[in-house]
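Q: Sharing a structure here in structure tokens format.
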Amino acid sequence: MFQVLASSWALLLGMLLLMVGNGIQGTLLGIRGGIEGFSTFEMSIVMSAYFAGFLGGSRLAPELIRRVGHIRVFAALASLISAVLILYPTLADPVAWTVGRVLMGFCFSGVYVTAESWLNNAATNETRGQALSLYMIVQMAGIVSAQGLLLTADPAGFVLFIIPSVLVSIAFAPILLSVSPTPAFETTKPMSLRHLIRISPTGAVGIFLLGGVYSALFGMASVYGTTADLSVAQISGFIATIYLGGLLLQFPIGWLSDRIDRRTLILAAAATGGAAAGAAMAVNGGFGALLVAAFLIGGMSNPLYALLIAYTNDYLEPDDMAAASGGLMFINGVGAILGPLVTAWVMGLIGPEGFFLFIAILMLSLAVFTGYRMTQRAAVPVDETASYAPVLPTASPVAVEVAQEVAIEAAHEEEAAAP
């Protein structure tokens, strides 16, 4: 880990600042939208637009990099991100914000592809797993710390939009001054969705449901806080707790996943997250209990993404893992686009508690479906399962494929060590 930090500290520092900028703008828009009088449905379209842009960017960014190179793509996307952040408060209109969120999603997807390819290029076979873990920690730390910045100024003003714009601009300095362009890379053609679903129904269905859960948390948590009349400090604490749970429980769940039947762990994590969301509805106003629920929801949903990828790998040949990752990301992206829209619809029916009802339904549906699939297929022996590699729903195809490479390398090492 220290070797990775020494060789990649500038890149990781830049990514930390980028995640602070990305983390604050998502929360800030939900709060500012309420101040501007945007409806819950209008805000759901704004929030959903980010994931549409992100999905498009994950498909187009590699081709852009092959055409003009990492440096030019990185710099161009940085300029667009900084500009959009400044334009938000000057164009307080749902249509303008929707266009801005599409651009933000596209740009951040391209930035992740570029940064993650640099990180992968700097890592060796021995340090790739540690680099991926450290990268995930930096991402989560950036989002958590971003919530504290919301308390530094009035969300009705301009300052909170200027801060992330400046941070994003500064973030590219250490990255661009400390790394060299990586060789052009070829992305793997995704496996057909029909084939992927046939190989692992639990993985495909689970990753779709989890896309809805994650986009609801990332996009609609601040909208929920605004409609529930939480203060800015409470919204900040609520969202920070979601990601803090995801950071702290990622590694214990990963450790367990390599030692027990993964379906049991998927079922338990999904049921726990669903129960926590249901409890948050029942509490209806107790902020301390709300934070406990947020910790459990985030702590279960974030690791589930990597857990479902690892579970799908258990039924794949090593050569097929990278192709499957593209299909899984597409399925997750479709679920993420739908998440804020359905959340807003449910909130429109029953009020702010619809935010938790939507999450509870998706998480419990995953638990029930996993339980059903456990009756249809025998478990893969634990000593034959692929290794768990931490990766977040925010990751680009590069990070997901790196996670697959880590799993493949670990499998090869286990085969070599076997008597």
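The values are calculated or read from the model by the stated rules, or taken from the named source; none is laboratory data. These numbers come from a predicted model, not from an experiment. Neighbour counts are summed over all protein chains in view; Cβ atoms, including those assigned to glycine, are modelled from backbone coordinates with ideal geometry. Note: areas computed on protein heavy atoms with side chains; ligands, DNA, RNA excluded. Shrake-Rupley method; radii C 1.70, N 1.55, O 1.52, S 1.80 Å.
Q: Would you say R72 is open to solvent by 40 Å² or more (accessible area, probe 1.4 Å), without any contact (Cβ under 8 Å) to a residue 12 or more places away in the chain and within 24 Å of S117 (Cβ to Cβ)? Steps first, please.
A: Numbers: open to solvent by 40 Å² or more (accessible area, probe 1.4 Å): yes; without any contact (Cβ under 8 Å) to a residue 12 or more places away in the chain: yes; within 24 Å of S117 (Cβ to Cβ): yes.
The answer is yes for R72.
Q: Only one residue in V179, V144, V166 is modelled with pLDDT of 75 or more and either surrounded by 18 or more Cβ atoms within 10 Å (Cβ to Cβ) or within 25 Å of R59 (Cβ to Cβ) (or both), so which one is that? Before you say what the answer is, go through the steps one by one.
A: Values: V179 fails: modelled with pLDDT of 75 or more; V166 fails: either surrounded by 18 or more Cβ atoms within 10 Å (Cβ to Cβ) or within 25 Å of R59 (Cβ to Cβ) (or both).
None of the other options fit; the residue is V144.
Q: I'd like the full set of residues that are open to solvent by 30 Å² or more (accessible area, probe 1.4 Å) and either at pLDDT 80 or above or in a loop (DSSP other than H, G, I, E, B) (or both), limited to the stretch 310-325.
A: Narrowing the stretch 310-325 to residues open to solvent by 30 Å² or more (accessible area, probe 1.4 Å): 315, 317-320.
Matches in the stretch 310-325: Y315, E317.
Q: In this structure, does G56 turn out to be without any contact (Cβ under 8 Å) to a residue 60 or more places away in the chain, out of contact with any His (no Cβ under 9 Å at 6 or more places or on another chain), small (G, A, S) and open to solvent by 10 Å² or more (accessible area, probe 1.4 Å)?
A: Working: without any contact (Cβ under 8 Å) to a residue 60 or more places away in the chain: yes; out of contact with any His (no Cβ under 9 Å at 6 or more places or on another chain): yes; small (G, A, S): yes; open to solvent by 10 Å² or more (accessible area, probe 1.4 Å): yes.
Against the criterion (without any contact (Cβ under 8 Å) to a residue 60 or more places away in the chain, out of contact with any His (no Cβ under 9 Å at 6 or more places or on another chain), small (G, A, S) and open to solvent by 10 Å² or more (accessible area, probe 1.4 Å)), G56 qualifies.
Q: Next question, about the same structure. Checking the conditions here, which among L296, L256 is at pLDDT 90 or above and either more than 18 Å from L364 (Cα to Cα) or out of contact with any strand residue (DSSP E or B) (no Cβ under 9 Å at 6 or more places or on another chain) (or both)? Outline the logic, then answer.
A: Details: L256 fails: at pLDDT 90 or above.
Just a single option satisfies the conditions, and that option is L296.
Q: Still on this model: Considering only the stretch 294-308, I want to know if a residue exists there that is open to solvent by less than 10 Å² (accessible area, probe 1.4 Å) and over 23 Å from F369 (Cα atoms).
A: Restricting attention to the stretch 294-308, the residues satisfying the condition of being open to solvent by less than 10 Å² (accessible area, probe 1.4 Å) are 294, 297-299, 301-308.
Filter once more, so that each one left must be over 23 Å from F369 (Cα atoms): 294.
Yes, the conditions are met somewhere in the stretch 294-308.
Q: Please give the number of the condition G33 fails out of (1) modelled with pLDDT under 90; (2) among the small types (G, A, S); (3) surrounded by 19 or more Cβ atoms within 10 Å (Cβ to Cβ).
A: With respect to (1) modelled with pLDDT under 90; (2) among the small types (G, A, S); (3) surrounded by 19 or more Cβ atoms within 10 Å (Cβ to Cβ), G33 is out only on (1).
Q: Restricting to the stretch 225-239, what's the tally of residues that are open to solvent by 20 Å² or more (accessible area, probe 1.4 Å) and not polar (S, T, N, Q)?
A: As a first pass, look at the stretch 225-239 and keep what is open to solvent by 20 Å² or more (accessible area, probe 1.4 Å): 226-234, 237.
Within this subset, residues satisfying the condition of being not polar (S, T, N, Q) are 228-230, 232-233, 237.
Summing the residues that are open to solvent by 20 Å² or more (accessible area, probe 1.4 Å) and not polar (S, T, N, Q) in the stretch 225-239 gives 6.
Q: Another one. Report the residue count in the stretch 346-377 for those that are free of Cβ contacts under 8 Å to residues at least 12 places away in the same chain and farther than 20 Å from L217 by Cβ.
A: Residues flagged as free of Cβ contacts under 8 Å to residues at least 12 places away in the same chain and farther than 20 Å from L217 by Cβ within the stretch 346-377 amount to 5.
Q: On the given criteria, is A115 open to solvent by 40 Å² or more (accessible area, probe 1.4 Å) and under 14 Å from A171 (Cα atoms)?
A: On the way: open to solvent by 40 Å² or more (accessible area, probe 1.4 Å): no; under 14 Å from A171 (Cα atoms): yes.
No.
Q: Does the stretch 86-113 hold any residues that are among the aliphatic types (A, V, I, L, M), in contact (Cβ under 8 Å) with a residue 12 or more places away in the chain and under 18 Å from F51 (Cβ atoms), and which are they? Lay out the reasoning, then the answer.
A: Step one: list which residues in the stretch 86-113 are among the aliphatic types (A, V, I, L, M), which gives 86-87, 91-92, 95-96, 99, 102-104, 111, 113.
With in contact (Cβ under 8 Å) with a residue 12 or more places away in the chain added as a condition, the list becomes 86-87, 92, 99, 102-104, 111, 113.
Result: V99, V102, L103, M104, V111, V113.
Q: Still on this structure, I have one more. Anything in the stretch 190-208 that is in contact with a Phe, Trp or Tyr (Cβ under 8 Å, 6 or more places away or on another chain) and under 26 Å from L60 (Cβ atoms)? List them, or say none.
A: Listed by number, the residues that qualify are P190, L193, G203, I207.
Q: Next up: So, of the residues in the stretch 328-351 that are open to solvent by less than 30 Å² (accessible area, probe 1.4 Å) and more than 19 Å from the chain's Cα centre (by Cα), which turns out to be nearest to S215 (Cα to Cα)?
A: Narrowing the stretch 328-351 to residues open to solvent by less than 30 Å² (accessible area, probe 1.4 Å): 328-329, 331-333, 335-336, 339-340, 343-344, 346-347, 351.
Keeping just the survivors that are more than 19 Å from the chain's Cα centre (by Cα) gives 344, 346-347, 351.
Numbers: A344: 12, V346: 15, M347: 15, G351: 19 Å.
Filtering the stretch 328-351 for residues that are open to solvent by less than 30 Å² (accessible area, probe 1.4 Å) and more than 19 Å from the chain's Cα centre (by Cα), the one nearest to S215 (Cα to Cα) comes out as A344.
Q: Quick one: what pairs do we get from the stretch 247-276, first residue under 18 Å from G212 (Cβ atoms), second β-branched (V, I, T) and open to solvent by 20 Å² or more (accessible area, probe 1.4 Å), C-beta under 8 Å, 6+ apart or different chains?
A: G274/I361; A276/V292
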